[in-house]
Amino acid sequence: MDGSHRRAGTLLGTVGIALAAAGPVMVWRGRSGRKEIRAELAAQKITFPQRGLPAELAAHAGQRVETGPGAHAYAEFIKGNLAHATGGRTYAEISSELHAADGDDEKLAELRQTAFMGQSLRASLMSAYQAWHLTTLVTGLGAALTGLGVALVATADALTPRSSDRP
């Protein structure tokens, strides 16, 4: 075996060891992130109502929100309630109306507060949902890197000359 094969084997082995070491760390971080999201959502004690859910959310009736998909579903529930309460207007639109009324409309001020709270809660739940997806990505990439690292180490090993192969 010439020197370029040895160098390639050494490089593959080094990269493989690095990936095989980084992969499990990513899997561990992804799983611990998922556990943290579950704990934070559970601590909020959010439960879907037993009745009154739209048809697309009816399967969640009475369930606690403890996962990313559950957080997304509850965010959609809030979105529907908020649209109903505000006539489909956003916090910014209601604020503009209130400013146009010189801030003297008590009903608009209360509606703006409702919009603010609803949109803030929805944004928090959507952040949990996005974080849930990131933990899935990190865990999956960690598993892939681990596999790739092991494959590179095996390839490097195959390229390494054996002492019994020498004359």
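In whole percents, the pair-distance distribution calculated for the stretch 1-80 from its alpha-carbon pairs, binned every 5 Å from zero, is 3, 13, 16, 12, 9, 7, 7, 6, 6, 5, 5, 5, 3, 2, 0.
Put Trp28, Trp132 in order of accessible area, highest first, and with a 1.4 Å probe you get Trp28, Trp132. Taking amide H atoms as placed 1.01 Å from N in the peptide plane, the amide H of Gln63 lies under 5 Å from those of Phe48, each 5 or more residues away in sequence or on another chain. Listed values (1) 15.9; (2) 12.2; (3) 13.3 include one computed from this model; for mean projected area of the Cα convex hull in nm² that value carries the label (1). If the segment from Ala21 to Arg51 were pulled out straight at 0.36 nm per residue, it would be longer than the present Cα-Cα gap by 5.8 nm. For the residues Asp104, Asp157, a 1.4 Å probe over the protein chains yields an accessible-area ranking, largest first, of Asp104, Asp157.
One decimal place: the segment Arg31-Ala8 gains 4.9 nm when fully extended, by the rule 0.36 nm per residue minus the C-alpha distance.
Within the full protein context, the accessible area of Thr146 is estimated at about 40 Å² for a probe radius of 1.4 Å.
How big is the dipole moment of the chain about its Cα centre under a simple scheme where the beta carbon of each Lys and Arg is +1, that of each Asp and Glu is -1, and everything else is neutral? Debye, nearest 20, please. For this selection, approximately 980 debye.
Computed on the stretch 31-167, with alpha-carbon pairs under 8 angstrom and 6+ residues apart, the relative contact order is 25 percent. When the solvent-accessible area of the chain is split by element, carbon and sulfur atoms take up 60 percent of it, the probe being 1.4 Å.
The orientation-averaged projection of the convex hull spanning the C-alpha atoms of the stretch 98-167 amounts to 7.8 square nanometres.
Heavy-atom accessible area for Phe48, with the other protein chains in place and a 1.4 Å probe, reaches approximately 10 Å². Helix 91-100 axis versus longest C-alpha principal axis of the chain: approximately 40°, rounded to the nearest ten. The Cα-based radius of gyration of the stretch 67-133, divided by its Kirkwood radius, gives an Rg/Rh of 1.10. The solvent-accessible area of Glu40, taken with every protein chain present and a 1.4 Å probe, is close to 110 Å².
Here the Debye sum runs over all C-alpha atoms of the stretch 13-59 as equal scatterers in vacuum, and log10 of I(q)/I(0) at q = 0.14, 0.15, 0.21, 0.27 Å⁻¹ comes out as -0.60, -0.63, -0.80, -0.91.
Positive-end ranking of Ile94, Ala75, Leu57 along the dipole of the stretch 52-122, with charges on Cβ about the Cα centre, is headed by Leu57.
Heavy atoms of the protein chains alone define the surface here; on that basis the stretch 27-167 has 64 Å² accessible area per residue at 1.4 Å probe size.
The values are calculated or read from the model by the stated rules, or taken from the named source; none is laboratory data. Note that this is a predicted model, so its numbers are computed, not measured. All Cβ positions, glycine included, derive from the backbone under ideal geometry; neighbour counts span all protein chains shown. Heavy atoms of the whole protein, side chains included, go into the accessibility calculation; ligands, DNA and RNA do not. Shrake-Rupley method; radii C 1.70, N 1.55, O 1.52, S 1.80 Å.
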